[in-house]
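Right, one structure below, let's go through it.
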Amino acid sequence: MIIKTINGDKLAAMIAQGAVQLAANAEYVNSLNVFPVPDGDTGSNMSMTLTSGTEEVAKFDHTTVAQVGKHLSKGLLMGARGNSGVILSQLFRGFSKTIEDKTEINASGLAAAFDNGVKTAYKAVMKPVEGTILTVARLAAEAGVVAVESGIEDVVELMTIIAEAGEVALASTPDLLPVLKEVGVVDSGGQGLQIVYNAFLAELKGEAQAEALKPTSLSNLVTIEHENTVNEYMNPEDIKFGYCTEIMVSINNIDEKPFDEEEFRNTLAEYGDSLIVIADDEVAKVHVHSNTPGQVIDYGQSFGPLLKIKVDNMREQNSNLQDKQQTQAPQKDVAVVAVSSGAGLDTIFKSLNVDVIVSGGQTMNPSTADLLAAVKEANAKHVIILPNNKNIVMAAEQAVELAEEAQVAVVKSKTIQQGLVACFAYMPEASFSENQAAMSIALENVSSGAITTAVRDTEIKGVTIAKDDFMGIVDGTIVLSEQDREVVALATLSQMIDEDSEIVTIIVGEEATVATAEALATKIAAQFEDVEIEVKEGNQAVYPYLFAVE
């Protein structure tokens, strides 16, 4: 059957199906991230971004594609997470702009919308790189334009051509980006986009039925559930279960007792309410509100090692929230918002004049909406955002465009270490422009290193990496991989120090200890007598050590 136009309902259904399929395949997309580190999150970021857009569309009844596009664009912009999510939001921002005056769209209009989406996304990226999601989007859109110029009027046939061109473009990404070929994967963002395009086609052909969206991230669920509980204006004494408890358990351990998800869930339900359990073959993630968090932790540990523990006192948080709501602080001239990923790092940033901390980092990139909320909370005329992760910079820049409460600027810190050095350059009494300049210059004065665990076997730029090895990373490049963490840490840090180095900071993560860090510091001090060495507790996940060399 030939379909010549798409109305608002059909476009909304296509978008919903795209979100469903992307959510179902998020972990697969994550697995395509080039670096074999345990923080590959392209699929998660794209899924949560598109889910945000879909949920915004679902709030309204639509009679035109223009209305669908308007709400989709808003939802994507506010929910964009990570660079891949921001690019996805820009693709559909341009798409929606093209249909803003349309009741329905025909094949020509659909091709034009995809084409304008590509133009908008390329403009949003300062240095577009081919072999990425941009390439897949561009070549797919170009095929669509050629198709309508040749007389194609059936939107199903057009979407087929676009999807097929996207597949070819995706397969070509390793030829355009050598690191992809070296590792043996296609571009993860391009794969995520191709999943969406294939879902659009399936919906048009009637081969797939959009389902109710199911959250794909425990962190997202936890955020929603926790904020709904804590942010209600209520007497703290009325909170029945006072501790928001989160654990992540490794459950594939032969020596531990067998894992039965239903029994696991039923037992945890006895300890409190607001229970969420998500499990796969290797890990169980838990969120529960309980008065006995110790019981939750002990029970989880009976199935295997605990990979994450987080306990928040909701009564105290609620009380603090009420105090904040009742006390109107005077507006500052300049405030700083920083993204941080550990309790120790939060404390360090606060001590360096950071006004608002946004929880996030490698394993969970904050959305544009999260950053906008932090700007509002900062209560200042001018706000400087420190993203502290290269995958958060674009979401921060998008927040600059959307902020209404203050004039906002991004100091493009791509690591926690750069963020800390930028904070040292911050001067509370200086002007907005002076601080922005000084903090940006400070980024150039630090080398950032990290130790983390490889999640798969691979080889990158001559470094052979085995799964579960410890890798040393310096300024984004993997420099070595070995089985002994402390050997890797010493060798990596030694590579970072030269005759111009003055200060070395070792930031200790959850998987290391201050004692091991101090032992490392002693060895470095013996090797490099002229450097000053500091050890700080960061409590960051994923990275046992972060190094800063100035």
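The values are calculated or read from the model by the stated rules, or taken from the named source; none is laboratory data. Source: prediction; values computed, not measured. Virtual Cβ from ideal backbone geometry, glycine too; neighbours counted across all protein chains shown.
Observations on the structure shown:
- Test: residue in region 429-437 that is of a type outside the set (V, I, T), within 25 Å of the chain's Cα centre (by Cα) and surrounded by 17 or more Cβ atoms within 10 Å (Cβ to Cβ): yes
- Checking the stated criteria, T216 turns out to be at pLDDT below 65, surrounded by 20 or more Cβ atoms within 10 Å (Cβ to Cβ) and either of a type outside the set (K, R) or farther than 30 Å from V156 by Cα (or both).
- Test: residue in region 126-144 that is without any contact (Cβ under 8 Å) to a residue 12 or more places away in the chain, basic (K, R), out of contact with any Cys (no Cβ under 7 Å at 6 or more places or on another chain) and surrounded by fewer than 24 Cβ atoms within 10 Å (Cβ to Cβ): yes
- Unmet criterion (only one of (1) surrounded by 21 or more Cβ atoms within 10 Å (Cβ to Cβ); (2) free of Cβ contacts under 8 Å to residues at least 24 places away in the same chain) for A491: (1)
- A165 vs. criteria out of contact with any Phe, Trp or Tyr (no Cβ under 8 Å at 6 or more places or on another chain) and part of a helix (DSSP H, G or I): yes
Condition check ((1) touching a helix residue (DSSP H, G or I) at 6+ places or on another chain (Cβ under 7 Å); (2) small (G, A, S)) across all residues:
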| position | (1), (2) |
| --- | --- |
| V65 | yes, no |
| H71 | yes, no |
| G75 | yes, yes |
| M78 | yes, no |
| G82 | yes, yes |
| F92 | yes, no |
| E104 | yes, no |
| G109 | no, yes |
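- Listed by first and then second residue, the pairs linking a residue in region 73-90 that is within 8 Å of T49 (Cβ to Cβ) to a residue that is buried (at least 24 other Cβ atoms within 10 Å of the Cβ) and among the aromatic types (F, W, Y), with Cβ atoms under 8 Å apart and 6 or more places separating them unless they lie on different chains, are L76/F92.
- Selection of region 333-356 for residues being in contact with a helix residue (DSSP H, G or I) (Cβ under 8 Å, 6 or more places away or on another chain) and surrounded by fewer than 19 Cβ atoms within 10 Å (Cβ to Cβ) yields D333, L352, N353.
- Close contacts from region 467-480, counting a first residue that is at pLDDT 95 or above and a second that is loosely packed, with under 11 Cβ neighbours inside 10 Å and outside any loop (DSSP other than H, G, I, E, B), with Cβ to Cβ under 8 Å and a gap of 6+ residues or different chains, come to none at all.
- The condition of being outside any helix (DSSP H, G or I) and over 15 Å from F92 (Cβ atoms) holds for only one of V186, V145, V156, that being V186.
- Set side by side, the residues L177, L134 differ, and just one is in contact with a Pro (Cβ under 6 Å, 6 or more places away or on another chain) and of a type in the set (A, V, I, L, M), which is L134.
- For region 1-84, the helices (runs of 4 or more DSSP H) that sit wholly inside it and include 1 or more residues that are among the acidic types (D, E) and either in contact with a His (Cβ under 9 Å, 6 or more places away or on another chain) or not assigned by TED's automatic domain parsing to the domain that holds I473 (or both) are 8-24, 26-31, 42-58.
- Residue tally, condition of a type in the set (A, V, I, L, M), modelled with pLDDT of 90 or more and crowded, with 24+ Cβ neighbours inside 10 Å, over region 49-89: 8
- Members of region 477-491 that are aliphatic (A, V, I, L, M) and closer than 15 Å to I524 by Cα: V487, V488, A489, L490, A491
- Scan of region 289-302 for residues that are surrounded by fewer than 20 Cβ atoms within 10 Å (Cβ to Cβ) and not charged (D, E, K, R), ordered by number: N291, T292, G294, Q295, I297, Y299, Q301, S302
- Unique match (being touching a residue at least 24 places away in the same chain (Cβ under 8 Å) and more than 18 Å from A113 (Cα to Cα)) among T173, T160: T173
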